[in-house]
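Trainee: One structure coming up, written as structure tokens, with questions to follow.
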Amino acid sequence: MTDNVQQVEEQTEELEVIDLAGANAVIDKYIDMHGNLMPVLQGIQEHYGYIPEATVHLAAERLNVYASQIYGVLTFYAQFHLKPRGKYIIRVCMGTACHVKGAGRIGDAIKERLGIGHAETTEDLKFTAEYVACIGACGMAPVIMVNDATYGSISVQKTAEVIEKYQAMD
Amino acid sequence: MVNLTIDGKQITTAKTSTIYEAAKENGINIPVLCYAKKLLPYGACRICLVEVEQMKGRLIPSCTTPVTEGMVVNTMSDEIRKVRKTVLEFLLVNHVVECPVCDKGGECDLQDLTYEYEVVTNRFQGEKFDLPTDEINPLIERNMNRCVLCGKCVRVCDEIVGYGSYSFINRGFETKIATAFDRGLNCEFCGQCVSMCPVGAILPRPFKFKARPWQLKEVDSVCGYCGNGCTVTLGVKDNQVQTIRFNEDTGVNHGNLCVRGRFGYSFVNDTKRLKKPMIRNSNGILVEAEWEEALSAAAEGLKAAGSSAGFIAGARLTNEELYLFKKLSRTVGSDNLDHSGGECYRGVTEGLFETLGVKASTGTFPQIESAQAIVAIRSDFYETHPVVGMVVNQAIRRNEAQLTVIADKKGKLTKLPEARTLMHTPGCEINILNALCQTLLAEGIAVTDGVEDVAALQAFLADYTPEAVAQTVGGDAEAIKKTARELAAADKVAILLAYGLPYSAYSKELATAAANLAILSGCAGGAGSGLYLCGEKANSQGAIDLGIVPGAAGRGVQKMLQGAADGEVKALYVVAEDPMVTYPDRQAVEAGLKKPFLVVQDIYLTETARLADVVLPAATFAEKDGTFTNAERRLQRVRAGIKSPGEAQTDFAVFTRMLKKLGQVTAETPTQVFAELSQECTEYKGIAPADIGPQGVVWGGESLAPTKKQLKTVAGLVPMDASYLLLTGSCLYHSGSLSTHARGPLSVVPEAYVELSRSDAATLGVKEDELLKLKAGDQTLQAKVKVGTRLPAGVMFMPYHFAELELNRVYKGQPAIPVKPVK
């Protein structure tokens, strides 16, 4: 039985030390709004790039919502991320048209250059790859997006150039 | 009322009923998985589908559909049967069928329904869940492969407990019940989710592989821990309490229990129980002895002391036993009679008696749920009485009651929705209560009809304006005023005050201040309102009712111990108490216990028993028949589920034998003794043992009318000036020193700790689990550090339950103890 007690204590992971000022500011903004959980979480994600655990506990305490409930919301919506994400999000379209035109090879090329597959992030937090279903640009398949910029009719060679371009930026 | 037809039967039911409830009331059974009487309708499982003639074309979930006039319902048809069977098939696609080794086998709703609907094969195929089992905590095991996603655990943890451990996470097939960040369960461990789970997904770990449900004998009794008086249904096999069974039909708690009630039973089966009497021999060593010898020695010692003998009872004895104990003291010719903590318990009731003329809570617990304004004095209230705390939670969530907590530290109650916390410096509850009274009077919203000494109190309270009080003891003046106004505006008010051994300072004054507030807010005597005095122990109220207090020329506990040390009290008989651990001022207690002829009657060789000349092995609540009176004046039956180990005997049997030795003939059975004591005790007059049914009997009625409304001035405390103040009290998982013998509570909180704020931890440079020494006067305490958010800077907390800590070396009944931390 004592072993179990030990485990309970051990599983309380050390929380990453982050500056909560950003999250507090977001909560301040929405504190009096009815149904404020979604905008608060979106705001936190916008500020930190993801939802750090400490901000969940902060929001739970300040909004008087259970942390478990917030976690339920965070895991329900695909838009929320619980791990840090890269500065540049590379969305690789895997829709039908792109698939036929070799999107798989584009994904492989990114993996080769950056070492990241779907939903993975480079260690320097610069890039995150995401394989997505159709992004609605079938006419220029295969297609990738880096943040808001779209790169159509792309090839393995062009993918490398795009990556290099962003690598050169900070 | 609404009229409808269910299965051809004409039914009249309340407008608020659902089809399911209406059917159930009339003995028509509709199967359910996600419905629970005490939870709000949810409609997740689709097993309860029925046909409604007016809503043709689809099947209607009966548990969420309200009844309407003229509704015609069919609860069974070929179509319904087919659909229910399909629902079961769907559930069984993913559900891992491991009934032979599942503890739920035999009482599993899914198993029973699968059998009833003959789901022999499954037309659907799919992936089985393959999730790891949560076995991290020692009390509750979660196997999500068996989960049917009914959401009862999520809802009970929110609606009833107010802790919110669980939520649904992910989406679609991946959906499951999890805690925040999908970690192992780490909560209050009340086990409400265990009792709600319709399948074997959430199980009590201590009960694993102990017995099949049909092998258990069920015995309804009353929990032996706190004064809430929850019904516990003992599951007995092989003369051992194997588990506590779910029972929502008996008693005051609707099947709700706390960690102590549900998992704290194991002290009953402990191998360290005393099994034979002991006598101190000529070498000064305690050796085992025969009952006759031990009883004679005890009886002679007490008789020899005569009027200088002292009698101290614990409030965990039954009413019948307390009555006999009192009789013993009279037979010996002594007026020195008292129970737990003496001044502490008595002080509270005396305070109430001087103001309201009664010595008990004025309302009953179910009334709290409909109160609009609730004031909890001491944030520890949830820790001492968790199940009343759950009622408070329901009042807030269901009826939007406004809770105000007068607190020296945060806690579960302060976290409840919209709870207002009036934080004050340690020991200054009275100041806040006075400020509330002051506001009521100053704003002219107080109830003053038939109230005496209003002017005197008003004049006295001139110094206690919310502004002045907020300045000296903390709290927010506006918040105090708001609370006062809410109390005045509310029809139904509940004022809650817990008392117990670690809260012995200024107890009479605190009860008086609370009574003043109860009078001025209209709470005292108001229908549906109540001032609740909640005793720490199962029968604290019974001890008050039966007058286990000093006689005319007698001494109370503290004076008895003092007298014993001075040689004036020559013999002491201590039953079901461990003063060495739990009474304030260890040095004085030890001096008082060491000198006289000491008889100790308990279930363990406690620290007190180690000092005794004669030790008598007694029985736990699970081995007794009799009655307890809970904190709302409800007399309830305690029933024996098992036999005592070895030669241990019930306190009842010991007292009757002892009385016989002293030449007194008494009634032989608890029932006969109850008949006798109900003649003598005015409160219990007219109550026959047979009247005490499943819901018990509340003496004095649902609302106990005060016999007077006498305001009394009572001064607040001056905040103590010290850089660190130590508070003591109860922690959630323990009760008195008894629970430190129970594996369940111990596995969560195994030892004493010192809790402090993050900022203090940083200042002192200590981390979680490091040892910290606290110096108080010439004494030093040492315990592991627990860093939390409950306490303000400069305030520390240590629970009082643990013998090893010897907290009472420094706790001598002070409101708070100035300490000096040394690393």
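Trainee: Go through region A:33-70 and give me each residue that's open to solvent by less than 30 Å² (accessible area, probe 1.4 Å), farther than 25 Å from A:Gly86 by Cβ and more than 14 Å from every other protein chain (Cβ to nearest Cβ).
Mentor: The one that is open to solvent by less than 30 Å² (accessible area, probe 1.4 Å), farther than 25 Å from A:Gly86 by Cβ and more than 14 Å from every other protein chain (Cβ to nearest Cβ): A:Asn36.
Trainee: Being in contact with an Asp or Glu (Cβ under 8 Å, 6 or more places away or on another chain) and open to solvent by 10 Å² or more (accessible area, probe 1.4 Å) is the requirement here; does B:Ser307 meet it?
Mentor: So B:Ser307 passes the test.
Trainee: If B:Ile430 meets every condition in (1) closer than 30 Å to B:Phe802 by Cβ; (2) touching an Asp or Glu at 6+ places or on another chain (Cβ under 7 Å); (3) open to solvent by 10 Å² or more (accessible area, probe 1.4 Å) apart from one, which number is that one?
Mentor: (3) is the only condition that B:Ile430 fails.
Trainee: Does B:Ala505 qualify as being outside any helix (DSSP H, G or I), open to solvent by less than 20 Å² (accessible area, probe 1.4 Å), within 21 Å of B:Gly813 (Cα to Cα) and out of contact with any His (no Cβ under 6 Å at 6 or more places or on another chain)?
Mentor: Criteria met by B:Ala505.
Trainee: Across region A:71-116, which residue is farthest from B:Phe181 (Cα to Cα) among those that are open to solvent by 60 Å² or more (accessible area, probe 1.4 Å), under 12 Å from the mean Cα position of the chain (by Cα) and more than 11 Å from chain B (Cβ to nearest Cβ)?
Mentor: Selected residue: A:Arg91.
Trainee: Now for a different question. Could you check region B:327-356 and list, in sequence order, the residues that are under 26 Å from the mean Cα position of the chain (by Cα) and open to solvent by 10 Å² or more (accessible area, probe 1.4 Å)?
Mentor: B:Glu343, B:Arg346, B:Glu350, B:Phe353
Trainee: Starting from region A:89-102, take each residue that is more than 17 Å from A:Phe127 (Cβ to Cβ) and list its partners that are of a type outside the set (Ser, Thr, Tyr) and assigned to a helix (DSSP H, G or I), counting only C-beta distances under 7 angstrom and pairs at least six apart or across chains.
Mentor: Filtered contacts from region A:89-102: A:Met94/A:Ala103; A:Gly95/A:Cys138; A:Ala97/A:Cys138.
Trainee: Is it true that some residue in region B:605-627 is over 26 Å from the mean Cα position of the chain (by Cα), at pLDDT 95 or above, farther than 18 Å from B:Ala803 by Cβ and among the hydroxyl-bearing types (Ser, Thr, Tyr)?
Mentor: no
Trainee: For region B:757-767, state whether one or more residues are in a strand (DSSP E or B), more than 14 Å from chain A (Cβ to nearest Cβ) and in contact (Cβ under 8 Å) with a residue 12 or more places away in the chain.
Mentor: Looking through region B:757-767, at least one residue is in a strand (DSSP E or B), more than 14 Å from chain A (Cβ to nearest Cβ) and in contact (Cβ under 8 Å) with a residue 12 or more places away in the chain.
Trainee: Hey, another quick one. Right, B:Leu216: modelled with pLDDT of 95 or more, over 17 Å from the mean Cα position of the chain (by Cα) and farther than 29 Å from B:Trp291 by Cα or not?
Mentor: yes
Trainee: So, in region B:199-209, exactly how many residues are outside any helix (DSSP H, G or I) and either facing chain A (nearest Cβ under 10 Å) or of a type outside the set (A, V, I, L, M) (or both)?
Mentor: 4
Trainee: Just checking: which of the helices (runs of 4 or more DSSP H) contained wholly in region B:518-627 hold 2 or more residues that are open to solvent by 30 Å² or more (accessible area, probe 1.4 Å) and in the same structural domain as B:Gln672 (by TED's automatic domain parsing)?
Mentor: Helices (runs of 4 or more DSSP H) meeting the threshold: B:557-565, B:586-594.
Trainee: Another question about this same structure. Here is a check on your reading of the model: is B:Val473 in contact with a helix residue (DSSP H, G or I) (Cβ under 6 Å, 6 or more places away or on another chain) and surrounded by fewer than 24 Cβ atoms within 10 Å (Cβ to Cβ)?
Mentor: No; evaluated as a whole, the condition is false for this residue.
Trainee: Next up: Going through region B:710-751 one residue at a time, which ones are of a type in the set (A, V, I, L, M, F, W, C), more than 14 Å from chain A (Cβ to nearest Cβ) and farther than 30 Å from B:Thr448 by Cα?
Mentor: Residues satisfying the conditions are B:Met720, B:Ala722, B:Leu725, B:Leu726, B:Leu727, B:Cys731, B:Leu732, B:Leu738.
The values are calculated or read from the model by the stated rules, or taken from the named source; none is laboratory data. All values reported here derive from a predicted model rather than from experimental measurement. Here the Cβ is made from the backbone with ideal geometry for all residues, glycine too, and neighbour counts use every protein chain on show. Protein only, heavy atoms only, side chains kept; ligands, DNA and RNA dropped before computing areas. Shrake-Rupley method; radii C 1.70, N 1.55, O 1.52, S 1.80 Å.
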